[in-house]
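S.K.: Okay, handing you the structure first.
The values are calculated or read from the model by the stated rules, or taken from the named source; none is laboratory data. Keep in mind the model is a prediction, meaning the values are calculated, not measured. No Cβ is skipped: glycine too gets one built from the backbone with ideal geometry, and neighbour counts run over all protein chains shown. Note: accessible area is taken over every heavy atom of the protein model, side chains too, but ligands, DNA and RNA are not part of it. Shrake-Rupley method; radii C 1.70, N 1.55, O 1.52, S 1.80 Å.
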Amino acid sequence: MTTISLQQSKLIKRLSLKKYRKTEGLFIAEGRKLLKEFVDHNPKAISHVYISEEEFAKNGHWLEGFSKSIHSEKDIAKHSQLKTSPGIICLIHIPDTPPIIKEGWTLVLDGVSDPGNVGSIIRIADWFGINQVVCTLETADCFNIKVVQSTMGSLARVVPSYRGNGEIESWLKEDERIVFKAEMEGESVFKTSFPSQGILLMGSESHGVGELFQNLGESVTIPRFGKAESLNVGVATGIICSHIFR
């Protein structure tokens, strides 16, 4: 067992900030569930694992051949970005920006600022087999610890990417798939005939989709039968996806 060095400690703490995640090309994932997802589905992404003695005794067999170091529970807890340390801190390589594939379904997030919602949506995309998630620059950083933990390991399979408005506008002009925008006013998802491939655009709960997308595609909505003012964007994404793939 070793102590996390001062240099390692500084790196772990720096990765709580977006600018350092970008310069280091790394993000943090914590816990046995997320570690196992990356071990099983994207092992090359794992840079290093800091693990407590107790967790290593239970799950050390997963880490054969990986860069790892074993530390005290106290040492791991001191460096955890979570309220309760799960005993495992993983440094994961941020993936390269993937090309946009103009087939199947693509999910676009425009200005979704809540990290928990972004994480949930990435998990929903994974559930429905949507491997392509494109985010505007106003969307929360997908490698923020709150987003990462909310994905429950789906980041091992779904690679989100960020694009500027100009790039997104050029792409959508060339892409022949239909864009479906989730808005308060639109055709009911119960009545919409979704094609086998398309683009689903989800905006922020407070502002909806941005100006860039106002004149694009078709608007769809989830009919309201009660009096709630709005739906959580993660919940709405799940409902719409269930109708797309029904």
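S.K.: Among the numbered conditions (1) in contact (Cβ under 8 Å) with a residue 40 or more places away in the chain; (2) among the hydrophobic types (A, V, I, L, M, F, W, C); (3) out of contact with any Ser or Thr (no Cβ under 6 Å at 6 or more places or on another chain); (4) under 24 Å from Ser120 (Cα atoms), tell me where Leu172 comes up short.
M.R.: Leu172 satisfies every listed condition except (4).
S.K.: Given segment 47-133, what helices (runs of 4 or more DSSP H) lie entirely inside it while holding 2 or more residues that are of a type in the set (A, V, I, L, M)?
M.R.: 73-79, 115-127
S.K.: So, of the residues in segment 9-34 that are in contact with a Phe, Trp or Tyr (Cβ under 8 Å, 6 or more places away or on another chain) and surrounded by 15 or more Cβ atoms within 10 Å (Cβ to Cβ), which turns out to be nearest to His93 (Cα to Cα)?
M.R.: Phe27
Conditions (1) more than 30 Å from Gly217 (Cβ to Cβ); (2) over 18 Å from the mean Cα position of the chain (by Cα); (3) not acidic (Asp, Glu), marked per residue:
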| position | (1), (2), (3) |
| --- | --- |
| Leu11 | yes, yes, yes |
| Ser47 | yes, yes, yes |
| Glu53 | yes, yes, no |
| Lys58 | yes, yes, yes |
| Ser72 | yes, yes, yes |
| Pro95 | no, no, yes |
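S.K.: Follow-up question, since we're still on this one. Looking at (1) part of a helix (DSSP H, G or I); (2) farther than 23 Å from Ser150 by Cα; (3) at pLDDT 95 or above; (4) not aliphatic (A, V, I, L, M), find the lone condition where Arg21 falls short.
M.R.: (2)
S.K.: Continuing with this model, one more query. Can you tell me which residue among Glu64, Glu37 is farther than 16 Å from Cys142 by Cα, over 25 Å from the mean Cα position of the chain (by Cα), among the charged types (D, E, K, R) and open to solvent by 10 Å² or more (accessible area, probe 1.4 Å)? Steps first, please.
M.R.: Numbers: Glu37 fails: over 25 Å from the mean Cα position of the chain (by Cα).
Result: Glu64 is the single residue among Glu64, Glu37 that is farther than 16 Å from Cys142 by Cα, over 25 Å from the mean Cα position of the chain (by Cα), among the charged types (D, E, K, R) and open to solvent by 10 Å² or more (accessible area, probe 1.4 Å).
S.K.: Can you pull out the residues in segment 89-119 that are surrounded by 23 or more Cβ atoms within 10 Å (Cβ to Cβ), over 21 Å from Leu172 (Cβ atoms) and touching a residue at least 60 places away in the same chain (Cβ under 8 Å)?
M.R.: Scanning segment 89-119 gives Ile89, Cys90, Ile92, Asn117.
S.K.: Further, regarding this structure: Just to verify a result, which residue in segment 130-162, among those that are surrounded by fewer than 19 Cβ atoms within 10 Å (Cβ to Cβ) and without any contact (Cβ under 8 Å) to a residue 60 or more places away in the chain, is farthest from Ser204 (Cα to Cα)?
M.R.: For segment 130-162, the residue satisfying everything is Asn131.
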